[in-house]
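Below you'll find the structure, written out as structure tokens, and then a few comments.
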Amino acid sequence: MKFPFFLIPLGIVLVRGNIEQKCCGIGEQIVEKEFRFICEKLKNGRLQDNFEDKDFLKRNVTGTCLEIFSEKNVTLFGVDEVTGTIKKQEEYGEFYFPKCCPLNYRYNRTTHGCAKVVGNFLNLLKVDSFVRVGLPKCEIISDHIYESMQAVKMNGRELLLLEEKKTLKEGYCVDSTLDGKLVVRICEEDTSICSQIRCISKCCPDGQSFINGSFCRDTFTHGVDLHFTKTIHEPDEPFALIHGFTVPIHPLSEKKYNYYVDRFGLFTAFNNVTNSFSNYEVYNTTYCIDHAFKEKKKKGNVNDYLMFAQSATPPIAMKFAVTRWIKVVSCIFLILTILVYMLLPKMRNLFGKILLNYCVSTLIFFTSLTTSQFYYLPPTMCKVVGYLSLLSSIWSFTWLHIMCIDIWFSFGTPRTLSGPLQKKEWKRLLQYCLYGWGFPILWVLMIALFSFTTIMPEAMHPYFGENKCLLENTETQPGNYSYIIYFTLPLLIQQIINTILFVKTILYCLRIKAEIERMNDSEKRTALNASKERLGLIMKLAVIMGILFIFETVSSFYNFKNNVYTEKIEVVWDSVNCLQGVYIFIIFICKKKVFYNICEKISIIKSRKTSVSSNVTSQVSMHNVNAVKA
């Protein structure tokens, strides 16, 4: 907003009052209609005046008077008593005294609003002056408090700040505070002021608040009172305001959302989509505070300060909004895989039971992540889900590791797809279960012990539920390497062992194949083909999981959000990673043999139902015959 300085030949001096009279009454202005000038009520409530000598036009005398002609112009009009005509003589532009609060109001520097106090203010504003209230077009406003008028000097439209040796020609307002001091509110050019003082985001422009919905209206009395919630740190400390929240917003309830504003103005909120706490600078227009009043007949009126946030999902959270549905699809395919293996006894050999354990652990992992991304989680439950997600992800990788161990261990004497498990196979399955389920539980219990104590140094201390509902990495905890130590490193060791086992198994396969071809042993050839098929299935899964884990390992050391291109790569890769359930279904279920087995099983079930129905019908018929004979 600009306040150009004009040299007025008529002796009109803002700080000393005007020698001219006001054309219209208080709260009125001149408008031109049908080539005539008439008085009408002011349309802009921020334009005021404190003239004692007013209503000059009603006197029907010759002379001149001053009046507001438009929002940007104070105009000198000439009146001819004989002809009764009114003519414009000179336009003085935005000739308004820049007062922060309305007339008879003083500035409340705690709430950055106005309070009604009748009386003059620091002898700055004399009678017979036009006033513009507030700074509604300023986006960033900082307050400067002075003990007395001796700290500033007004020269026409210019304000000299004597202590700072700075001259303000535009973009400022002055007023007296409730405690009798002088406040100069200044429009800042950019957010650099936020490095000197905490900035708080206000939804509506200066002097406005919400009235009956998301409508900003002039109220002046409601600024920003930070005492309305305990989630804002140090509410009594001074702060600057960033105004003008243009995107759709919704109120944040402390019962549904976890959020807080620290002493630097950093806004932190729990995002149930990303399942984590997200930090936002004040100028990112992510949140704002304002007073809201709304009449409600049934639930009572709303009349309080509220915290608001964007209604739309932040761009970085969009990938979570997409991948959570992909996780749902994966869960469906994992359930289908489990059902098929439960339906077909021929597939429940040792390898089939290992695969079932792998599917169950992966299903738990995706279910925990999906649940937390669809529903809001309180802090305690956030930590519980974090530990469960870590545990189930280690379960999943450990059972994949067991598959690799089993195919290497049993390759010399491959099992068929039919027949009961031998006693030693049950023993191996029990050992696999102890390792597959037990080791991850012990590992996570150890991590929990480190998390709830101070045994480990800061760089190795595991954090859960402070910035996200997972084991936090260097992105949320700079200088902390617990994610790499307790998650990435153990799984990386498993992947390296898997690779070694595959190489040894393939080499063994090639050697055995050559011996079988030389001996022409058909029985061993059949067993070898069965093992090769199983090896091929596990290799497909292991390669997919391994490639996905490589990306996970890289992301432990590099933040993909640092670059717009790597950020897009991360979104695509995460989407691919979340399709694990689909990969498992395709690899292990989408085969002709499995399809025929399912069809055979369904036919057996149908034939059994038909047989049972026929037996029942026969028994009923015999009963009827016997009854007739009797």
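What list of ³J(HN,Hα) couplings, whole Hz, do you get for the stretch 71-83 from phi and the Karplus terms 6.51, -1.76, 1.60, once you set θ to phi - 60° and write x for glycine and proline?
Those phi angles translate into 4, 9, 9, 9, 10, 8, 10, x, 10, 10, 5, 5, 8 Hz.
Between Glu52 and Lys169, how many nm apart are label points set 7 Å from Cα along the C-beta direction?
3.5 nm
For a 31 Å ceiling on Cα separation, which of these pairs sit above it: Lys87/Lys181; Lys88/Lys181; Lys427/Lys504; Lys137/Lys165?
Exceeds cut-off: Lys87/Lys181; Lys88/Lys181.
Starting from the Cα-Cα distance between Glu458 and Glu90, subtract it from 0.36 nm times their residue separation and give me the gain in nm to one decimal.
That pair, Glu458 and Glu90, stretches by 125.2 nm at full extension.
Once both labels are modelled 7 Å past Cα along the beta-carbon direction, what's the Lys116-Asp304 spacing in nm?
So the label points at Lys116 and Asp304 sit 2.5 nm apart.
Give me the aspartates and glutamates in straight-line cross-link reach of Lys592: C-alpha distance below 17 Å, same-chain residues under 8 apart excluded.
The reachable aspartates and glutamates, counting only those whose Cα sits under 17 Å from Lys592, are Glu533, Glu600.
Evaluate E = 1/(1 + (r/R0)^6) for Trp325 and Val82, where r is the Cβ-Cβ distance and R0 equals 60 Å; express this FRET efficiency to the nearest 0.05.
0.15
Multiply the residue separation of Phe293 and Lys137 by 0.36 nm, subtract the distance between their alpha-carbon atoms, and state the gained length in nm to one decimal.
On the way: separation 156, 0.36 × 156 = 56.16 nm, distance 2.26 nm.
That pair, Phe293 and Lys137, stretches by 53.9 nm at full extension.
In whole Å, what is the distance between the alpha-carbon centres of the stretch 133-196 and the stretch 98-112?
Each part's Cα centre sits 13 Å from the other's.
Arrange the peptides 199-212, 428-441 so that the one whose residues have, on average, the most other Cβ atoms within 10 Å appears first.
Ranking the peptides 199-212, 428-441 by packing returns 199-212, 428-441.
From the cross-link list Lys33/Lys99; Lys43/Lys99; Lys346/Lys601; Lys116/Lys153, which pairs have alpha carbons spaced over 22 Å apart?
Lys33/Lys99; Lys116/Lys153
Straight-line reach from Lys58: which aspartates and glutamates fall under 20 Å, measuring Cα to Cα and dropping same-chain residues less than 8 apart?
Partners found: Glu20, Glu28, Glu32, Glu34, Glu40, Asp49, Glu67, Asp80, Glu81, Asp128.
List the aspartates and glutamates whose Cα lies under 20 Å from the Cα of Lys294, skipping any in the same chain that are fewer than 8 positions away.
Result set, ordered by chain and number: Asp206, Asp218, Asp225, Glu254, Asp304.
As an exercise, use a Förster radius of 35 Å and the Cβ-Cβ distance of Ile38 and Ile197 to find the FRET efficiency, rounded to the nearest 0.05.
It comes out at approximately 0.15.
Show me the GluC sites (Glu not before Pro) within the stretch 138-224 that DSSP assigns to loop and that have at most 15 other Cβ atoms within 10 Å of their Cβ.
For GluC sites (Glu not before Pro) across the stretch 138-224 that sit outside H, G, I, E and B with at most 15 neighbouring Cβ atoms in 10 Å, the list reads Glu147, Glu163, Glu164, Glu170, Glu189.
Please list 3J(HN,Hα) in residue order for the stretch 344-352, calculated via the Karplus relation 6.51 cos²θ - 1.76 cosθ + 1.60 where θ = phi - 60°; whole Hz, with x for glycine and proline.
The phi angles translate into 9, x, 4, 8, 9, 7, 4, 4, x Hz.
Quick one: if the Förster radius is 30 Å, what FRET efficiency do Val503 and Tyr435 give, using the C-beta to C-beta distance and rounding to 0.05?
On the way: r = 22 Å, r/R0 = 0.73.
For R0 = 30 Å, the calculated efficiency reads 0.85.
Read-outs: derived from the displayed coordinates by stated rules, not from any lab. Keep in mind the model is a prediction, meaning the values are calculated, not measured. As a convention, Cβ positions derive from the backbone with ideal geometry for all residues, glycine included, and neighbour counts pool all protein chains shown.
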